[in-house]
Amino acid sequence: MSTLEILLQKIDPRPGFREARKSRRHFTDYVFKILLGIVMVVIISPFFLVLIEVASAGFSQVFGFGQGQGIEFFTTFPGAGLLGGIRNAFVGTIELIAIASAVGIPLSVFGAVYINEYTRPGISREVIEFTSDVLAGIPSIVFGAFGFAFLVDFLHLGMGLVSGSLTLAFMMIPTVLRTTQEALRQVPMSLREASLALGATKWSTTWNVTLRAAFPGVITGVLLAIGRVMGETAPLIFTAGNSLSVPTELTGPGSWVASMPYTIWAYVSDPRAYLQDKAHGTALALMMMVLAIDLVANLISRKVTRRLV
Amino acid sequence: MPEFKHQIEVEGLSTWFGKKKILKDITCHFKDNTVTAIMGPSGCGKSTLLRTLNRLNDLVPSFKRMGNVRFRGEDIYGVGSSVYDLRKHIGMVFQKPNPFPMSIRENITYGPKLHGTNDEDDLEKIVESSLRKAALWDEVKDELDHPAPNLSGGQQQRLCIARALSVNPPVILADEPVSALDPISAAKIEELIVELKKDYTIILVTHNVQQAFRVSDQSAFLYLGELVEFDETKRILEAPHDERTEAFITGRIG
């Protein structure tokens, strides 16, 4: 290495930059590296722009100290002029998601187990898989319309917590079902055989071995589904109603429930300027909740996986 | 209890997958405290024969069978026989190591728990004795709660043997148990198999003539679903009666 080269390396230690001057091929290689970097920036910048936009107006709502801000943002009801917090929406979303998960996740996981482990490949399996693929891609407003027509109207459940969370549960099913199926398919056949060869029953094998091995994959699907329905407004417009308080009954107008996405939508559509800030605050809180769920689920998954792999 | 001469007796067994006939009129028996090798070229039905003995082929919807398989004198495909009991008494080790995604301890206690052993002390004893019999105890005794899939391939396979021994089956089926392992691990498993025949009846599927020679006392040579020869391994390898056997031993078919 000459003195000049050592000096050059001190000025610009990136090997790509120096290599690029060596030949045409080195140059092309360098250009593509830079191009891919630019593409990366383009891809991730919308995410940060959204975050900045939401946080710029919402930060003071979630972390400030004024009336209806900070902890009060979550613990007080909107009250007169909607000047207070969003406790109604915060509690409402948690209740909706909890019920939707409690109904939707077991249904889809056991459904996937039945399809994958207990039926033979054939027409009926393909029909179910095709249907859930289609369902997974259907716009959420269609689920809202279905929830209204079927649950609210046909089953006379009326709008409220039950209809709203069941509609969300319907939305979760295709995602969780398909990801669980995929996770089960990844479990090697020989693992099931090893359990059966020890004299285990089919159910014991499925529950203790197959599902356990598929657990990380199942968690991923559950996360995707929760993250998706948590931010959905459309399915709730016709099914959950809205409320400035929390539901007190299971049916009737007392069960009407607010949700965070619905509140964001309502506040953003409102001409009062301070409601724009509250909408941003709600959006920020929602994003943080999705992130928190993601982190917790990741932790669980990693703990289980460490035991597994 | 019906009378029986051998742990497992096979009589006039033919099997099909769909329309394809895999085994053709097989009659043989497996002696106690002996290693019997089932050998033959790929696709000759070795594994099918083995998996018929613990009814694992029942998992395949298109599987059909004629003829009898008797375990301790009782027809295993008979009306009153329980497949779960049968598999408790006939353990199996697979070609690729397939430990459950659990800890080493849980891998061993899985079987006994299925069959109603729940006492912690009993389970502890089973863990130790099974791992000792599989010559794995000294290597893993301090890390019983570590995940089994972290073990090396050879250790995993010995764990799978220990898992099979955990429910104390008189018969062990081994489906090419070393073919996915490195030579040193393979040698250890072979040694182990010879050691285990003192207490168990072992049926070993292999396509490796040398392995059959090293490990087994009896051999069955299968070719295209037919049982060509069935006798002492030494006799078959030294003086094959059938030219197909000879061709296989000398490496002309395989």
Open item on the list: Restricting to region B:38-77, and then to whatever is of a type in the set (Gly, Ala, Ser) and over 18 Å from residue B:11 (Cα atoms), can you tell me which residue is farthest from the other protein chains (Cβ to nearest Cβ)?
Closed with: B:40
Task: Lone unmet requirement of (1) within 11 Å of another protein chain (Cβ to nearest Cβ); (2) of a type in the set (Gly, Ala, Ser); (3) within 30 Å of residue B:34 (Cβ to Cβ) for residue B:154 - done: (1)
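For (1) within 14 Å of another protein chain (Cβ to nearest Cβ); (2) within 19 Å of the chain's Cα centre (by Cα); (3) surrounded by 20 or more Cβ atoms within 10 Å (Cβ to Cβ); (4) not in a helix (DSSP H, G or I), each residue gets a yes or a no:
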| site | (1), (2), (3), (4) |
| --- | --- |
| A:211 | yes, no, yes, no |
| A:218 | yes, yes, yes, no |
| A:224 | no, yes, no, no |
| A:239 | no, no, yes, yes |
| A:245 | no, no, no, yes |
| A:251 | no, no, no, yes |
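If you check B:31, B:46, B:24, B:19, which single one turns out to be exposed (fewer than 14 other Cβ atoms within 10 Å of the Cβ) and either of a type in the set (Lys, Arg) or over 19 Å from the mean Cα position of the chain (by Cα) (or both)?
Values: B:31 fails: exposed (fewer than 14 other Cβ atoms within 10 Å of the Cβ); B:46 fails: exposed (fewer than 14 other Cβ atoms within 10 Å of the Cβ); B:24 fails: exposed (fewer than 14 other Cβ atoms within 10 Å of the Cβ).
After applying the criteria, what remains is B:19.
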TODO: Quick one: count up the residues across region B:100-113 that are more than 16 Å from residue A:207 (Cα to Cα) and either outside any helix (DSSP H, G or I) or touching a Gly at 6+ places or on another chain (Cβ under 9 Å) (or both).
DONE: 1
Open item on the list: Within region B:114-125, take every residue that is assigned to a helix (DSSP H, G or I) and more than 9 Å from chain A (Cβ to nearest Cβ) and give me the one that is surrounded by the most Cβ atoms within 10 Å (Cβ to Cβ).
Closed with: B:123
Open item on the list: Condition first: closer than 20 Å to residue B:198 by Cβ and within 21 Å of the chain's Cα centre (by Cα). Can you find one or more residues in region B:137-145 that meet it?
Closed with: no
TODO: Filter region A:132-156 for residues that are closer than 18 Å to residue A:262 by Cβ and either free of Cβ contacts under 8 Å to residues at least 24 places away in the same chain or open to solvent by less than 60 Å² (accessible area, probe 1.4 Å) (or both) and give the result.
DONE: A:140, A:142, A:143, A:144, A:145, A:147, A:151, A:152
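Considering only region A:182-190, I want to know if a residue exists there that is crowded, with 18+ Cβ neighbours inside 10 Å and facing chain B (nearest Cβ under 10 Å).
The first filter runs over region A:182-190 and keeps only residues crowded, with 18+ Cβ neighbours inside 10 Å, leaving A:183-184, A:187.
Now drop any that are not facing chain B (nearest Cβ under 10 Å), which leaves A:187.
Checking region A:182-190: at least one residue is crowded, with 18+ Cβ neighbours inside 10 Å and facing chain B (nearest Cβ under 10 Å).
Can you find a residue in region A:90-110 that is modelled with pLDDT under 90 and farther than 30 Å from residue A:201 by Cβ? Can you show your working first?
If we filter region A:90-110 for residues that are modelled with pLDDT under 90, which is where we start, we get none.
No, every residue in region A:90-110 fails to be modelled with pLDDT under 90 and farther than 30 Å from residue A:201 by Cβ.
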Task: Hits in region B:15-37 (condition: closer than 20 Å to residue B:72 by Cα, assigned to a strand (DSSP E or B) and touching a Lys or Arg at 6+ places or on another chain (Cβ under 6 Å)) - done: B:35
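Just to check your reading of the model, which residue among B:196, B:159, B:165 is touching a residue at least 60 places away in the same chain (Cβ under 8 Å), away from every other protein chain (no Cβ under 12 Å) and closer than 13 Å to residue B:93 by Cβ?
Numbers: B:159 fails: away from every other protein chain (no Cβ under 12 Å); B:165 fails: away from every other protein chain (no Cβ under 12 Å).
Matching residue, one of B:196, B:159, B:165: B:196.
The values are calculated or read from the model by the stated rules, or taken from the named source; none is laboratory data. Fair warning: this is a prediction, and the values are worked out from it, not measured in the lab. Note: ideal-geometry Cβ built from the backbone for every residue, glycine included; neighbour counts use all protein chains shown. The protein model used for the area step is the full one, side chains on, heavy atoms only, and it has no ligands, DNA or RNA in it. Shrake-Rupley method; radii C 1.70, N 1.55, O 1.52, S 1.80 Å.
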